[in-house]
Each structure stands twice: as structure tokens, then as C-alpha cells.
Amino acid sequence: MEENSISPWPDGARSRLLRVIRQLPVLSLVCVASVLGYLVTFLWQQALFVQAFHWLTFVPFHIEGSALRFVPYEVVLRTGELWRHVTPAFLHFSFLHLVFNVAVVCELGRRAEAVEGSIRFAGLILVLATLSNLAQFLLEPTPLFGGLSGINYGLVGFIAARRLSDPGETRWHVSKVLLTVLIASMVFLSIGIGEPVGLNVANGAHWGGFVVGLAIAWLVPRRRPGR
């Protein structure tokens, strides 16, 4: 007797997903890391994954009673835990925070990886994450922060500058409405407009990523066709 196995993934959807992963491997990895980071953050809040969360924050911490005690930043440099400059980008403190950031990074990141290539895009992501997280820590030395926003605003700056310097590349033509909304929200949130309603944002990461993205776009030559 023959049984028909029904796959939860339709063949068309599965093939499209695999094609996207092959074409945009770095962006796919960023999205997966963000989902995993959200799960670790959520489970830490449930006191299940404290140790995993501890390894992803900008500096280490330990728990004394009900308080968190953070280790000085110098310890991170002395012990060589340099991954901490990147990993906060993948921590998200709410599902809405995760969905919004992943949606933005997909819209912007797919363009950057397609034009610049996966290796250059990976380097861009690492630099944006490192410097935006460092900017956030220097502005507000409370190391319990996270999210892709620094990378996203870095991509906003990078794409806006590339659009001006390389107008013939149509993949840089992101919706002006989207860019305007993102930049306007960065400006308004930086003056504390969201704090009365409990919306605390990482302004250092936003502005740091944006400025670094602009600088990289202007200083690093665009990728030559075929390379």
C-alpha cells in the first residue's frame, strides 16, 4: 500500500527559499541570527537562558540578588571577547522589535549584498555592527541594549550615498518614502519623543550606524562589475 507524504513546504516555496539563501547567504545568516537572538533574549527574561544571554551582551554581567552587575569594558578587551562588539545587534527585546528590524534589513540588505557581493556585504555588516554598538555604549554606558537598528541605519546611510554616487544602478533606488520615514524617525526619537510612552531607543547606535554607513559609501570604491 502506497502512502502519500505531504510536505509542510510546497515545492515552489521551498525552491524560492533555497534560491534566496544561495543568492543572499549573508543576509539570510543575519536574519537567522536575529531570530535566534530574540529567542535567547525572550528565554533570558524567563530565566531559562541567562548564560547564553550573558555571552551576547556588549560586556559580561553577573547577577547579585535582583541586580545586574556589569564587568568594565576594559575586561572585554583584555580577555579578547571581541565578538561582543557584534552580537548585541542580534538581541531583540520584543517580537515587534524583531519583525520591524528584520523587515528593514531584508529590504535594504538584499540590495547591498546583490550589488556589493557577499564578501563585501559581510564586511559592511561587521563594521556597522561593531561601530554602532560601540557608539551606543560610549553614549549611554548601560550595556543592556540590542537590535539591528544600528546596522539598518548604517544601510540607510550607505544606500543613500551610493544612490548619489552610482545613479545608474537601479537596485540603489530604494523608496524615498521609506528612507524619509526612517531618517525622520531617527531624528525625532533622538530628542526623546518616545520616552514618555516607554519607547527607549538606542540613539547612539542609530546615529553611529548612519554616519559610518555614509562614510563607508563615500570612502570605499564601489564594486566593479564581474568582481
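The values are calculated or read from the model by the stated rules, or taken from the named source; none is laboratory data. For clarity, every value in this text was computed on a predicted model and none was experimentally measured. Positions of Cβ are generated from backbone atoms using ideal geometry, with glycine treated the same way; all protein chains shown enter the neighbour counts.
The number of residues in region 57-72 that are exposed (fewer than 12 other Cβ atoms within 10 Å of the Cβ) and part of a loop (DSSP other than H, G, I, E, B) comes to 3.
Table: residues versus (1) under 23 Å from Asn200 (Cα atoms); (2) among the acidic types (Asp, Glu); (3) surrounded by fewer than 21 Cβ atoms within 10 Å (Cβ to Cβ).
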residue: Glu74; (1), (2), (3): no, yes, yes
residue: Glu107; (1), (2), (3): no, yes, yes
residue: Arg110; (1), (2), (3): no, no, yes
residue: Phe121; (1), (2), (3): no, no, no
residue: Ala129; (1), (2), (3): yes, no, no
residue: Leu155; (1), (2), (3): yes, no, no
residue: Leu164; (1), (2), (3): no, no, yes
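Counting the residues of region 84-105 that are surrounded by fewer than 16 Cβ atoms within 10 Å (Cβ to Cβ) and at pLDDT below 95 gives 3. Any chance region 141-152 includes a residue that's part of a helix (DSSP H, G or I) and either touching a Lys or Arg at 6+ places or on another chain (Cβ under 7 Å) or without any contact (Cβ under 8 Å) to a residue 24 or more places away in the chain (or both)? No, region 141-152 contains no residue that is part of a helix (DSSP H, G or I) and either touching a Lys or Arg at 6+ places or on another chain (Cβ under 7 Å) or without any contact (Cβ under 8 Å) to a residue 24 or more places away in the chain (or both). In region 173-182, what residues are under 18 Å from Ala112 (Cα atoms) and within 19 Å of the chain's Cα centre (by Cα)? Val174, Leu178, Leu179, Leu182, listed by residue number. The test for being at pLDDT 90 or above and surrounded by fewer than 19 Cβ atoms within 10 Å (Cβ to Cβ) holds for Arg171. Applying the condition of being at pLDDT below 85 and not in a helix (DSSP H, G or I) to region 21-56 and asking which residue is surrounded by the most Cβ atoms within 10 Å (Cβ to Cβ) yields Phe49. Mind listing just one residue for me: the one in region 93-134 that is closer than 21 Å to Phe53 by Cα and free of Cβ contacts under 8 Å to residues at least 40 places away in the same chain and, of those, nearest to the chain's Cα centre (by Cα)? Among those that are closer than 21 Å to Phe53 by Cα and free of Cβ contacts under 8 Å to residues at least 40 places away in the same chain, it is Val99.
Could you tell me whether region 187-199 includes any residue that is surrounded by 15 or more Cβ atoms within 10 Å (Cβ to Cβ), at pLDDT below 90 and under 21 Å from Ala103 (Cα atoms)? Yes - at least one qualifying residue is present in region 187-199. Out of curiosity, is Ile125 surrounded by 19 or more Cβ atoms within 10 Å (Cβ to Cβ) and aliphatic (A, V, I, L, M)? So Ile125 passes the test.
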